[in-house]
Amino acid sequence: MDVHLREVDADDRDAVERYAAVDNAVRALSPWVHPTTPYRVEMMLRNGWDGEPGRHFLVQAAGEDVGIASVDTTEYDNLDLAWVNAAIHPEHRRRGLGTAAFDSVVEVARGMGRTKLGTDSWDDEPGRSFAAARGWDLKSTAINRRQHLGELEPGRADRLYDEALAHVGEYELERIEGRSPADLLEPLAVATAAINDAPLDDLDIEDEVFTGDRVAAYENAQLASGFRLYRIIARHRGTGEIAGLTVATVDTERPAQGHQHDTSVVRAHRGHRLGLWLKADMMRWLAETEPRLETIDTWNAESNDHMIGVNERLGYRVMARGLEFQRRI
Ligand SMILES: CC(C)(COP(=O)(O)OP(=O)(O)OC[C@H]1O[C@@H](n2cnc3c(N)ncnc32)[C@H](O)[C@@H]1OP(=O)(O)O)[C@@H](O)C(=O)NCCC(=O)NCCS
């Protein structure tokens, strides 16, 4: 099966809409997944996660859109690594198009000088069998949990906040809406790097490198993409050090949808319930500022017992398991 990858440009409205249409046909097979929108696709193409947008493609066969594909890389770290993916429209499966699309994105990644590849899928068929058939090794599993705010008993966030408060002692919380002040960017980069302690299972990935500029680029990318950005930091009173942080965003296009980003507590400050305190306070803050918010999604490695323990106390429940694969070329 011959496929052609047509790279999608953020300014090409027609291609953006067609990409969103195929993506939504694929998402519809996983009913817990929120649909995307042309605006979301355009923002992903313009800004990415932290200012390094990936490359996204329409997979075409005989002039028809049969799938989508992507290659994501960073220049901050892991210079030999690319995350690649392809999804085939449900009406066009089992004709070899997925194989051809994957072969094509792998070649794109190779052309970018990347030899260590990662990909992911839901823990389902076709994901498992396709990856195995194409020579990918399963390296890690991750769980998508979601907090449904409407089903939580009133006062839960306050109760958990108070429980943590009784243990935290030497720390205080600061809320930052939107961009962080310039003098906080370097210390935030240091605290953000604590995310490198999150379990990777067997994934062959180097530590991520965080700088003040990267923190600023992340905040700019999220805001430019139409997300409201909420950050809470925990400070150690004695030293003024940032001991931990949590970040959540709310989609301005669909303000019922929130996303939990990083939560990290710096190693020297672990064991004081800062994780629970930060996230309980985030719930309280969002309850004040985001009255239309209905759900918040989070992802954790399945082996990340500490973070998952906190999330379950906050009322997050499992939506699905994801699989992460790697192969070398
Ligand atoms: C995975 C996906 C890209 C496959 O697309 P496709 O065009 O159907 O794939 P192919 O026809 O090239 O299938 C290649 C092989 O994968 C395996 N496979 C594909 N779908 C399968 C299924 N539903 N059950 C079991 N094995 C499957 C088979 O070994 C198949 O070979 P065969 O048809 O000769 O038996 C498609 O199902 C998809 O878009 N899924 C959602 C996104 C995703 O999971 N991507 C994979 C990341 S690893």
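Bear in mind that the values in this text are calculations on the coordinates, not laboratory data. Just so you know, these numbers come straight off a predicted model, no measurement behind them. Heads up, the Cβs are rebuilt from the backbone with ideal geometry, glycines too, and the neighbour counts pull from every protein chain shown.
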Original post:
ASP262 to ASP2: FRET efficiency via 1/(1 + (r/R0)^6), r the Cβ-Cβ distance, R0 41 Å, to the nearest 0.05?
Top reply: 0.50
Original post:
Which whole-number percent gives the relative contact order of the stretch 40-153, counting Cα pairs below 8 Å spaced six or more residues apart?
Top reply: 17
Original post:
Using the alpha-carbon centroid of each, what span in Å lies between the stretch 273-329 and the stretch 69-88?
Top reply: 24
Original post:
By its C-alpha gyration tensor, with a ≥ b ≥ c as the square roots of the eigenvalues, how is the stretch 149-322 shaped: rounded for a/c under 1.5, else prolate for a/b larger than b/c, else oblate?
Top reply: rounded
Original post:
Most fluctuating residue of LEU79, LEU97, LEU223 in a GNM of the chain with Cα springs under 10 Å: which is it?
Top reply: LEU79
Original post:
In percent, what relative contact order does the chain have, based on Cα pairs under 8 Å that are 6 or more apart in sequence?
Top reply: 22
**OP:** Could you run the Karplus curve 6.51 cos²θ - 1.76 cosθ + 1.60 with θ = phi - 60° over the stretch 264-280 and give me ³J(HN,Hα) per residue in whole Hz, x for Gly and Pro?
**Re:** 9, 10, 5, 3, 5, 10, 7, x, 10, 6, 5, x, 5, 5, 4, 6, 5
Original post:
So how far apart, in nm, are the two label points at ARG46 and ALA224 if each is 7 Å from Cα heading toward Cβ?
Top reply: 0.8
Subject >> Calculated FRET efficiency for the pair THR252/ARG328, C-beta based, R₀ 35 Å, to 0.05 >> reply: 0.30
**OP:** Kindly identify the stretch 4-114 as rounded, prolate or oblate by the Cα gyration tensor criterion: order the square roots of the eigenvalues as a ≥ b ≥ c, call it rounded if a/c is under 1.5, otherwise compare a/b with b/c, prolate if a/b is larger, else oblate.
**Re:** oblate
Original post:
So what's the projected area for the chain, the Cα convex hull averaged over all directions, in nm²?
Top reply: 16.2
**OP:** Could you pull out every residue, at least 5 positions away or on a different chain, whose amide H is within less than 5 Å of the one on GLY244? Hs are placed 1.01 Å off N in the peptide plane, and Pro or chain starts have none.
**Re:** ALA234, VAL266
Original post:
For the modelled label position 7 Å from the Cα of ARG321 along Cα-to-Cβ, which residues of the stretch 117-142 have backbone nitrogen atoms closer than 14 Å?
Top reply: 121-125, 127-129, 138-142
Original post:
Tell me, what is the percent relative contact order of the stretch 246-291, built from C-alpha pairs under 8 Å that lie six or more residues apart?
Top reply: 33
Subject >> Exposure proxy order (Cβ contacts within 10 Å, fewest to most) of HIS269, HIS34 >> reply: HIS34, HIS269
**OP:** Measure off 7 Å from each Cα along the Cα-to-Cβ vector at GLU170 and GLU206, then give the distance between these two points in nanometres to one decimal.
**Re:** 3.4
Subject >> Full-extension gain in nm, HIS148 to ALA10, via 0.36 nm per residue minus C-alpha separation >> reply: 46.4 nm
Original post:
Between ASN196 and GLU294, what length comes free when the chain is fully extended (0.36 nm per residue of separation minus the Cα-Cα distance, one decimal in nm)?
Top reply: 32.3 nm
